[in-house]
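Notes follow the structure.
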Amino acid sequence: MKQAKPTLLTDEQMRQFITNGFLILQTDFSNEFHHQLMEQLNEVYKEEGNPGNNLLPRIRDLQKVFDHPTVSGALTSVLGPNYMLHAHRHGHYNASPKPGGWHKDSYWGYRRMRNHHPWWAMIMYFPQDTPIELGPTGIMPGTQNYETRTFQEDELSTEAVASGPAGTFALIHYDIWHRSTANMLGRERYMLKFEFMRTAMPTEASWDNQEASWRLPSNLNAPIARHDLMWEETWNWLSGYVGSLANTRETDDERIHELELKLREDYEPNALNATYELACCGEKGTAALLRGLHHENSRISRTAAYGLSVCGVDVIPGLLAALESEREETINHAVFALGELRHLASEAVTRLAQMLPHSSVVIRRTITEALSMIGAPVDDVVAALIDCLQDEDVQAKFMAGLAITRLGAKADAAVDQLEVALDDENRYVRAHAVEALHYIDTDAAKEVLIRFLLSARWCPTTTKENTFYP
């Protein structure tokens, strides 16, 4: 069956997503569809438990959800048309009368520097009618770019909930703060969580874009704080522009000093606004951010890196110099900023590749991702990522597989090492190797991929009670 044309988000919806960090949307499946879906879920959970990463093949009707034009259109709008459905997925069952704890999801068991730009998104799908009393997911608007839990208990009145009829789903920025709310009805409540990754840098708007310039949405949904420059920069980035804030403001030394002081504040919204304003202030702002990058306080260094990551090409020499620092945090944050500057940082690829034997596994992981985001010179990037696939650290290896997906057919030279990775003991090393081969899509890649999938295929209707017949 031919998949329906995606229903792309409007400018207003994109403005809401950028500021609030989420959208609550609806599919239009029939009641019968969701009734059958719930029957399948109840049976699988009762007889087998949570199917975890096998949720999609075990509950076969779920694929129809991700083929739905509202779902595919939302994902295309935020992540571009070539987005990837990640191998990690999970069905959340909530029967507790107590709310869960506020959290950001991890990246499969390790900490990494989180992107303000939407490289990742999640879909949280509710297959049953989910009134507030049934315990839908709670989302704190506007917190997707906060490392810390900035909000307090007395601010929970601004919490949004993914409540609605069967077929409701939340599209969220991967890093937003969220929780499960209290299920006061005692009935089963499922939330099916799937993760998605952008595999191509934005070169133009991928939503139904009618207005070129940024403006605030009509409803901010009560975010914790205003971040006008950060929101504008995200809009521009999604529209295909890199370093759009660079040299857009003239300021004096007194204002630079004020912003440096705010950069060091404990209250994260103020520090973030300061780093983005400094990114606008040309040479003086760049110098202040580089001082922040070298600060002994890791939080200040990290916040400065966000500003440096949107400064444009003039900041490259300072970031390259920072790679020689003796402090792991400074190096790691500099590598992150170089990756976010994409092709503007191509001169950094040789130095980053030379650093791959670094003793810090955190730095090696960050380099792995940054190389693929910079992307050129492509032969040097691919050679370095082949080395990353052989790293002794499992997480560096599975980041390498993900990184290669961004290079497509240009990474054909990595096929042999990806074939080796298909035999790795770690499920995500194997899964990311599969995705990398899929996105490379050359004859050599497809031959390895098909051979692996034929030997790894499984039957979604085979259970311990139903081993082979009918």
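Accessible area per residue, 1.4 Å probe, Å², for the stretch 217-331: what's the number? Spell out each step's value before the answer.
Details: 4930 Å² over 115 residues.
Here the residues of the stretch 217-331 average 43 Å² of exposed surface.
Which cross-chain or sequence-distant (5 or more) residues have an amide H under 5 Å from the amide H of Ser180, H modelled 1.01 Å from N in plane?
For Ser180, the qualifying residues are Gly100, Gly101, Gly138.
Kindly identify the stretch 282-418 as rounded, prolate or oblate by the Cα gyration tensor criterion: order the square roots of the eigenvalues as a ≥ b ≥ c, call it rounded if a/c is under 1.5, otherwise compare a/b with b/c, prolate if a/b is larger, else oblate.
On the way: a/c = 2.49, a/b = 1.64, b/c = 1.52.
Verdict is prolate for the stretch 282-418.
Could you state the number of Å between the C-alpha centres of the stretch 243-277 and the stretch 352-366?
If we compute the Cα centre of each part, the gap is 30 Å.
Taking a probe of 1.4 angstrom, what is the accessible area of Ser206 in Å², to the nearest 10?
For Ser206, solvent-accessible area is about 20 Å².
Any idea what angle helix 443-456 forms with the longest principal axis of the chain, computed on alpha-carbon atoms, 0 to 90 degrees, nearest 10?
That helix lies at roughly 40 degrees to the long axis.
Please calculate the 1.4 Å probe accessible area of Ser106, with all protein chains present, and give it to the nearest 10 Å².
Number for this one is 60 Å².
In whole percent, how big is the carbon plus sulfur part of the accessible area of the stretch 288-382, probe 1.4 Å, protein atoms only? Could the numbers behind the result be given before it?
Details: 1630 of 3240 Å².
Of the solvent-accessible surface of the stretch 288-382, carbon and sulfur hold 50 percent.
Between beta-carbons, use under 13 Å as the cut-off and find the net charge around Asp412, counting Lys and Arg +1, Asp and Glu -1. Present the calculation step by step, with values, prior to reporting the outcome.
Numbers: positive: Lys410, Lys446; negative: Asp379, Asp416, Glu419, Asp441, Asp443, Glu447.
Its environment carries a net charge of -4.
What residues qualify as long-range amide H neighbours of Thr168, i.e. H under 5 Å apart, gap of 5 or more or another chain, H built at 1.01 Å from N?
Correct list: Thr27, Phe126.
In nm, what is the difference between 0.36 nm times the number of residues separating Phe468 and Thr10 and their Cα-Cα distance?
On the way: separation 458, 0.36 × 458 = 164.88 nm, distance 4.84 nm.
Residue separation times 0.36 nm, minus the Cα-Cα distance, leaves 160.0 nm.
Excluding Cys280 itself, calculate the net charge of residues whose Cβ lies under 13 Å from the Cβ of Cys280, where each Lys or Arg counts +1 and each Asp or Glu counts -1.
Details: positive: Arg249, Arg255, Lys284; negative: Asp228, Glu232, Glu233, Glu250, Glu277, Glu283, Asp314.
Once positives and negatives cancel, what remains is -4.
Heavy atoms of the protein only, probe of 1.4 Å, neighbouring chains included. What is the accessible area of Lys464 in Å², nearest 10?
150 Å²
Taking the square root of 5 times each eigenvalue of the Cα gyration tensor, what semi-axes in Å does the equivalent ellipsoid of the chain have, largest first? Please report the intermediate quantities before stating the final value.
Working: eigenvalues 267, 170, 76 Å².
Whole-Å semi-axes of the equivalent ellipsoid: 37, 29, 19.
Just check the stretch 229-334 against the gyration tensor rule for me: Cα atoms, a ≥ b ≥ c as the square roots of the eigenvalues, rounded for a/c under 1.5, and otherwise prolate or oblate depending on whether a/b exceeds b/c.
Values: a/c = 1.44, a/b = 1.20, b/c = 1.21.
It is rounded, given that a/c, with a ≥ b ≥ c, falls under 1.5.
Any chance you could give the angle, 0 to 90 degrees and rounded to 10, that helix 394-405 forms with the longest Cα principal axis of the chain?
90 degrees
If each of Asp266 and Met355 carries a label point 7 Å out from its Cα toward its Cβ, how far apart are those two points in nm?
The two pseudo-label positions are separated by 3.1 nm.
Which order do Glu260, Glu340 take by accessible area at a 1.4 Å probe, largest first?
Numbers: Glu260 25, Glu340 5 Å².
The ordering from most to least exposed comes out as Glu260, Glu340.
Return one number: the angle in degrees, 0 to 90 and rounded to the nearest 10, between the long axis of the Cα atoms of helix 361-374 and the longest principal axis of the Cα atoms of the chain.
90 degrees
Taking +1 at the Cβ of each Lys and Arg and -1 at the Cβ of each Asp and Glu, which of Tyr267, Leu220, Asn247 sits farthest along the dipole of the stretch 183-277 towards its positive end, judged by Cα position relative to the Cα centre?
Most positive-ward Cα: Leu220.
Separation between the His90 and Lys284 pseudo-spin-labels, each 7 Å from Cα along Cα→Cβ, expressed in nm?
Between His90 and Lys284, the simple spin-label model gives 4.8 nm.
In square angstrom, what is the accessible area per residue of the stretch 1-106 with a 1.4 angstrom probe?
Numbers: 5030 Å² over 106 residues.
For the stretch 1-106, the solvent-accessible area averages 47 Å² per residue.
Roughly to the nearest percent, how much of the accessible area of the stretch 36-184 is carbon and sulfur, given a 1.4 Å probe? Walk me through the intermediate numbers first.
Working: 2640 of 5210 Å².
Using a 1.4 Å probe with all protein chains present, the stretch 36-184 comes out at 51 percent carbon and sulfur.
Using alpha carbons only, how many angstrom separate the centre of the stretch 184-200 from the centre of the stretch 1-36?
Measuring centre to centre over Cα atoms gives 14 Å.
Using the Kirkwood radius over C-alpha pairs as Rh, can you work out the diffusion coefficient of the stretch 182-252 via Stokes-Einstein at 20 °C, viscosity 1.002 mPa s, in µm² per second?
Working: Rh = 16.1 Å.
Result for D is 133 µm²/s.
With the Cα gyration tensor of the stretch 228-271 giving a ≥ b ≥ c as the square roots of its eigenvalues, does the rule (a/c under 1.5 for rounded; else a/b larger than b/c for prolate; else oblate) give rounded, prolate or oblate?
Values: a/c = 3.65, a/b = 1.54, b/c = 2.38.
It is oblate, given that a/c is not under 1.5 and a/b is not larger than b/c.
Please give the length that would be gained between Asp228 and Gln26 if that part of the chain were fully extended, namely 0.36 nm times their separation in residues minus their C-alpha to C-alpha distance (nm, one decimal). Let's see the in-between values first.
Values: separation 202, 0.36 × 202 = 72.72 nm, distance 2.86 nm.
Residue separation times 0.36 nm, minus the Cα-Cα distance, leaves 69.9 nm.
Mind checking which lysines have their C-alpha under 16 Å from Lys464, skipping anything on the same chain fewer than 8 residues away?
Lys464 reaches Lys46.
I'd like the Karplus ³J(HN,Hα) series for the stretch 275-284: coefficients 6.51, -1.76, 1.60, θ = phi - 60°, whole numbers in Hz, and an x wherever there's a Gly or Pro.
Values per residue, Gly and Pro as x: 5, 6, 5, 4, 5, 8, 9, x, 4, 5 Hz.
Please list, ordered by chain and number, the residues whose modelled amide H lies under 5 Å from the amide H of His86; skip anything fewer than 5 residues away on the same chain.
Here the answer is Glu195, Phe196, Met197, since their amide H atoms fall under 5 Å of that of His86.
How do the peptides 139-151, 407-419 rank, highest first, by the average count of neighbouring beta carbon atoms within 10 Å per residue? Don't skip to the answer; put the middle values down first.
Details: 139-151: 20.9, 407-419: 19.1.
Listed from highest to lowest mean packing, they are 139-151, 407-419.
Using just the helices of the chain, give the 222 nm mean residue ellipticity in deg cm²/dmol: DSSP H runs with n ≥ 4 each add -39,500 (n - 2.57), and the total is spread over all residues, rounded to 500. Each step should come with its number before you reach the end.
Values: 19 runs with 203 residues, N = 470.
When only DSSP H runs of four or more count, the value is -13000 deg cm²/dmol.
Working out 0.36 nm times the residue gap between Glu347 and Ser325, then minus their Cα-Cα distance, what length gain in nm do you get to one decimal? Before the final figure, lay out the partial values.
Details: separation 22, 0.36 × 22 = 7.92 nm, distance 1.84 nm.
Computed gain between Glu347 and Ser325 is 6.1 nm.
At 1.4 Å probe size, with the rest of the protein present, what percent of the exposed accessible area of the stretch 203-259 is carbon and sulfur atoms? Numbers along the way, then the final one.
Numbers: 1250 of 3170 Å².
Carbon and sulfur: 39 percent of the exposed surface of the stretch 203-259.
Whenever you get a sec, line up Ser298, Ser157 from highest to lowest accessible area (probe 1.4 Å, protein heavy atoms). Intermediate results must be reported in sequence, preceding the final value.
Values: Ser298 45, Ser157 105 Å².
From most accessible down to least: Ser157, Ser298.
The values are calculated or read from the model by the stated rules, or taken from the named source; none is laboratory data. If you're wondering where the values come from, they're calculated on a predicted model, not measured in any experiment. Here Cβ is always computed from backbone atoms with ideal geometry, including for glycine, and neighbour counts include all displayed protein chains. What goes into the accessible areas is simple: the full protein's heavy atoms, side chains included, and nothing from ligands, DNA or RNA. Shrake-Rupley method; radii C 1.70, N 1.55, O 1.52, S 1.80 Å.
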